[in-house]
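The values are calculated or read from the model by the stated rules, or taken from the named source; none is laboratory data. These numbers come from a predicted model, not from an experiment. Neighbour counts run over all protein chains shown; Cβ positions are idealised from the backbone, glycine included. Heads up: the accessible areas ignore ligands, DNA and RNA and are worked out on the full protein's heavy atoms, side chains in. Shrake-Rupley method; radii C 1.70, N 1.55, O 1.52, S 1.80 Å.
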Amino acid sequence: MTARRNRRSLGTVLLNAPYLLWAALFILIPLVIVLYYACTDGDGQFTLSNFAYLKDYGSVMLRSFWYSLAATAICLLIAYPYAYIVCRFRPAGQRFANLFIMLPMWINLLIRTYCLMTLMEGNGLINQLLAFLGFGKLPLLNNTGAVIFGMVYNYLPYMILPIYNVMSRIDPALLEAAEDLGCNAFSRIRRVLLPLSAPGVVSGVIMVFVPSVSTFYISKAMGGSNNFMIGDLIESQIHSQNSNLPVAAALSTVLMVVILVSMFILNRFSSDSEGGSLLV
């Protein structure tokens, strides 16, 4: 019995070894390097002075979180009813709707953003259509709305798919039972559908918020120089004439901590929702 357990444990270790090696090489070691640069000066001496520069970029950090929260909220408002409607389709219709959502993900994010920027520029297709209809051209780029719209456009599938995956596994009989017990449509959604689909919502929020808060190209392409976000700031610190890796690493460390804390809080809500507890 003991020999069998040892063989099973050895087999588990061997199966996990490639994943552990991958995580160590491409996750753990890069994080250690970032922390090293964040806590050292140009001479390699330990210091925390790099984090003192964060107060100079407070407005950029607040802007990044505000834009990301707005984009995440808009994605949720669009994705939840869409997933609910798709779940009511026949299987063939569901596959087609999911394919329609996944098609843009087959194209690189930079290409998608550049194409969107081309459509929305001053002489782009949208403004030409507006001018043809007599509405006049609108400033669709280089503003806050353009940045948030760009993030919603790029990250919306990451909100739809987790919600759909969870919602599609909900037994329709539960909604029918709630209706038989006297619940109207709003009560069925509030007391049955929302609690049971909460894990998918939490997963979608994480998958949209994390890349949104750390994005560095969408804000530059869609918002111009007045709408820089944390990702753009980190990139500028690295690629500036006097490369400032310690400050860039300090910004990355703070961003990483904030993301980890946000994920921890959201996962607590997700674990509380496991099992489909109903709201009273």
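For the range 56-68, how many residues meet the condition of being open to solvent by less than 80 Å² (accessible area, probe 1.4 Å) and under 21 Å from A146 (Cβ atoms)? Break it down stepwise before answering.
Within the range 56-68, the first condition is being open to solvent by less than 80 Å² (accessible area, probe 1.4 Å), and the residues that meet it are 57-61, 63-65, 67-68.
Still in the running and under 21 Å from A146 (Cβ atoms): 59-61, 63-65, 67-68.
Summing the residues that are open to solvent by less than 80 Å² (accessible area, probe 1.4 Å) and under 21 Å from A146 (Cβ atoms) in the range 56-68 gives 8.
Where residues in the range 175-190 are surrounded by fewer than 16 Cβ atoms within 10 Å (Cβ to Cβ) and touching a helix residue (DSSP H, G or I) at 6+ places or on another chain (Cβ under 8 Å), which of them is modelled with the highest pLDDT? Explain how you work it out, then say what you get.
Within the range 175-190, the first condition is being surrounded by fewer than 16 Cβ atoms within 10 Å (Cβ to Cβ), and the residues that meet it are 176-177, 179-182, 184-187, 190.
From the residues that got through so far, the ones that are touching a helix residue (DSSP H, G or I) at 6+ places or on another chain (Cβ under 8 Å) too are 179, 187.
Working: E179: 76, S187: 81.
Across the range 175-190, the extreme among qualifying residues is S187.
Just checking, how many residues over the range 142-165 are of a type in the set (A, V, I, L, M) and open to solvent by 30 Å² or more (accessible area, probe 1.4 Å)? Spell out the reasoning first.
If we filter the range 142-165 for residues that are of a type in the set (A, V, I, L, M), which is where we start, we get 146-148, 151-152, 156, 159-161, 163.
With the extra rule that they be open to solvent by 30 Å² or more (accessible area, probe 1.4 Å), the set shrinks to 156, 161.
Residues flagged as of a type in the set (A, V, I, L, M) and open to solvent by 30 Å² or more (accessible area, probe 1.4 Å) within the range 142-165 amount to 2.
Kindly indicate whether any position in the range 222-241 is hydroxyl-bearing (S, T, Y), within 28 Å of G122 (Cα to Cα) and in contact with a Ser or Thr (Cβ under 7 Å, 6 or more places away or on another chain).
Step one: filter the range 222-241 for residues hydroxyl-bearing (S, T, Y), giving 225, 236, 240.
Within this subset, residues satisfying the condition of being within 28 Å of G122 (Cα to Cα) are 225, 236.
Subset that is in contact with a Ser or Thr (Cβ under 7 Å, 6 or more places away or on another chain): none.
No, the range 222-241 contains no residue that is hydroxyl-bearing (S, T, Y), within 28 Å of G122 (Cα to Cα) and in contact with a Ser or Thr (Cβ under 7 Å, 6 or more places away or on another chain).
Taking the condition of being open to solvent by 50 Å² or more (accessible area, probe 1.4 Å) and either part of a helix (DSSP H, G or I) or in contact (Cβ under 8 Å) with a residue 40 or more places away in the chain (or both), how many residues in the range 236-255 meet it?
Looking only at that region, the number is 3.
Per-residue answers, yes or no, for (1) of a type in the set (A, V, I, L, M); (2) part of a helix (DSSP H, G or I); (3) farther than 22 Å from V202 by Cβ; (4) open to solvent by 100 Å² or more (accessible area, probe 1.4 Å):
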position: T12; (1), (2), (3), (4): no, yes, yes, no
position: L31; (1), (2), (3), (4): yes, yes, yes, no
position: L54; (1), (2), (3), (4): yes, yes, yes, no
position: A70; (1), (2), (3), (4): yes, yes, no, no
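Can you find a residue in the range 213-232 that is buried (at least 19 other Cβ atoms within 10 Å of the Cβ), among the acidic types (D, E) and assigned to a helix (DSSP H, G or I)?
yes
Going by the conditions given, is G200 surrounded by fewer than 16 Cβ atoms within 10 Å (Cβ to Cβ), under 25 Å from the mean Cα position of the chain (by Cα) and closer than 30 Å to T215 by Cα? Spell out the reasoning first.
Details: surrounded by fewer than 16 Cβ atoms within 10 Å (Cβ to Cβ): no; under 25 Å from the mean Cα position of the chain (by Cα): yes; closer than 30 Å to T215 by Cα: yes.
In short, no.
Can you name every residue in the range 75-98 that is open to solvent by less than 70 Å² (accessible area, probe 1.4 Å) and in contact (Cβ under 8 Å) with a residue 60 or more places away in the chain?
Restricting attention to the range 75-98, the residues satisfying the condition of being open to solvent by less than 70 Å² (accessible area, probe 1.4 Å) are 75-76, 79-84, 86-87, 92-94, 97-98.
Matches in the range 75-98: C75, L76, A79, Y80, Y82, A83, Y84, V86, C87, Q94, N98.
How do the pairs read when you match residues in the range 119-136 that are without any contact (Cβ under 8 Å) to a residue 24 or more places away in the chain with residues anywhere that are in a helix (DSSP H, G or I) and open to solvent by 100 Å² or more (accessible area, probe 1.4 Å), using Cβ under 6 Å and keeping only pairs 6 or more apart or on different chains?
That search, which allows pairs on different chains as well, returns L119/L125.
How many residues does the range 152-184 contain that are more than 21 Å from A97 (Cα to Cα) and assigned to a helix (DSSP H, G or I)? Can you show your working first?
Going residue by residue through the range 152-184, those that are more than 21 Å from A97 (Cα to Cα) are 173-184.
From the residues that got through so far, the ones that are assigned to a helix (DSSP H, G or I) too are 173-180.
Number satisfying all stated conditions: 8.
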